[in-house]
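Quick notes on the structure that follows.
The values are calculated or read from the model by the stated rules, or taken from the named source; none is laboratory data. Just so we're clear, the structure is a prediction, and the values are computed from it rather than from any experiment. Cβ placement follows ideal geometry from the backbone for every residue including glycine, while neighbour counts extend to all protein chains displayed. The protein model used for the area step is the full one, side chains on, heavy atoms only, and it has no ligands, DNA or RNA in it. Shrake-Rupley method; radii C 1.70, N 1.55, O 1.52, S 1.80 Å.
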Amino acid sequence: MMKSYILLQNDFYPQSAFVLIENFKNLCHKLEIPIAKTQKIPCENRLLPFVNEVGYYGRILRALIEAGGENKKLLACDSQTLLGILGFFKKYYEDLEFKERLLEDFGREVDILELEKNFVFAPEVILKNSKGLQKKRRWEGFKCGFLVDRELEQIIKEYYLIEEFENLLGFKMQVFYKDSYDYLLFSNKNLAYKMGGKDYYEIIDCGVDLIVTPNIGNFELLDRNADKIKKALGRDDLEIPILFLPQVFLALFEECSASSLLFNRHNIAPKML
C-alpha cells in the first residue's frame, strides 16, 4: 500500500499559495496520490530565518518529526518549502550553536538521519504516479520557460526532471536558474519590480509561450504585480502567463477547464485553454 503524504501548504503568500495548493490537490486526486491531511507552514528563506531562526526551523523540525511518527512523508509542493527543509538540515549539520539552541528549545534529542527520510519534493511524486499521462492531450508545439531557484540546479539535473517533464508534457523547456526577488517586496518594492521584471522579460524575449515555476514567491512577484513590473521596465507587452507545475499537468486532462485550473485568479490570464 502506498504511504500517504502530509501536504505542506506554504501560506506565506496566501492568495498565490491558494492557486498552487488547489491545483495540486486536484492533480493528486487525478493521479491517485494519497494525501492524509494538509498542514500550513510559512516558508520564505530570506526574511523569516533572519527574524527568528530557531522558531522558523523549529516549525520545520516539528513537522518532520510528526510525519515520521505517523509513518507518513511531508510533501513539499513548492520550491520555497523544499529550500526551507534543506536549509534546516544544512544549518543543523554545520552550525553547532544553532543546533544546541534548537534542541534546547525543542526539549529533546532527535534522530536527524531518520528525519531525512520524512520528506519528498512534489515533482518526484508526480512523475512516479504519471503512468498513462502520455495518452492525454499534449503541449505539443509550445515552448516553456522553466523559472526555478538557482539553489535547485543540482537536484533538477541529478533527477533529469526537465527531460522527464518534456517527455510527459510534450513541450520544449528552456531552464532559467534564478534567485527570487519576492523578499524585496517588503523592503524596496520598486527594486523588486525592476529585478523581477528583468528576469521576466529575459525569459519572454527568448520566445516562450508560457513560464512555469515551482516558486510561490515568483508567482507573487511576477503575476500579482505584473502591471507594476511592466511600468517599471517601460515595456508595453504583458501577455506571457506564469503557471504552476500542477496546472500544466492538469491541462492534459480534457475535463479540466480554464476555470477549474483557476486561470481567472491570474493577473496575466493564460489563454491556451
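Details
- Which listed residue, of LEU152, LEU83, LEU161, is buried (at least 20 other Cβ atoms within 10 Å of the Cβ), of a type in the set (A, V, I, L, M) and under 20 Å from GLU44 (Cα atoms): LEU83
- Scan region 114-128 for residues that are in a loop (DSSP other than H, G, I, E, B) and open to solvent by less than 70 Å² (accessible area, probe 1.4 Å) and the total you get is 1.
- Residue in region 39-49 that is of a type outside the set (Ser, Thr, Tyr), free of Cβ contacts under 8 Å to residues at least 40 places away in the same chain, surrounded by fewer than 14 Cβ atoms within 10 Å (Cβ to Cβ) and part of a helix (DSSP H, G or I) present: no
- Of the residues making up region 224-273, those that are acidic (Asp, Glu) and over 17 Å from GLU202 (Cα atoms) are GLU254, GLU255.
- Of all residues in region 164-183, those satisfying the criterion of being in contact with a Leu (Cβ under 9 Å, 6 or more places away or on another chain) and open to solvent by 20 Å² or more (accessible area, probe 1.4 Å) are GLU164, VAL175, TYR177, LYS178, TYR181, TYR183.
- Checking every residue in region 81-92 against the condition of being of a type in the set (A, V, I, L, M, F, W, C) and touching a strand residue (DSSP E or B) at 6+ places or on another chain (Cβ under 6 Å) gives at least one match.
- Restricting GLU202, GLU255 to those that are among the charged types (D, E, K, R), without any contact (Cβ under 8 Å) to a residue 12 or more places away in the chain and either crowded, with 22+ Cβ neighbours inside 10 Å or farther than 22 Å from ASP11 by Cα (or both) reduces the list to GLU255.
- When GLU94 is tested against (1) surrounded by 12 or more Cβ atoms within 10 Å (Cβ to Cβ); (2) over 28 Å from TYR201 (Cβ atoms), just one condition goes unmet, and that condition is (1).
- When residues of region 205-227 are limited to those that are open to solvent by 10 Å² or more (accessible area, probe 1.4 Å), charged (D, E, K, R) and in contact (Cβ under 8 Å) with a residue 12 or more places away in the chain, the one farthest from ASP237 (Cα to Cα): GLU220
- Residues satisfying the stated conditions in region 50-80, i.e. of a type in the set (Phe, Trp, Tyr) and open to solvent by 10 Å² or more (accessible area, probe 1.4 Å): PHE50, TYR57
- Region 216-231, residues that are part of a helix (DSSP H, G or I) and farther than 13 Å from ASP199 by Cα: ILE216, GLY217, GLU220, ASP227, LYS228, LYS231
- Test: residue in region 105-113 that is β-branched (Val, Ile, Thr) and not in a loop (DSSP other than H, G, I, E, B): yes
- Among the residues making up region 27-38, those that are in contact (Cβ under 8 Å) with a residue 60 or more places away in the chain, assigned to a helix (DSSP H, G or I) and open to solvent by less than 40 Å² (accessible area, probe 1.4 Å) are LEU27, LEU31.
- Number of positions in region 129-147 that are open to solvent by less than 60 Å² (accessible area, probe 1.4 Å) and either of a type outside the set (Gly, Ala, Ser) or free of Cβ contacts under 8 Å to residues at least 40 places away in the same chain (or both): 7
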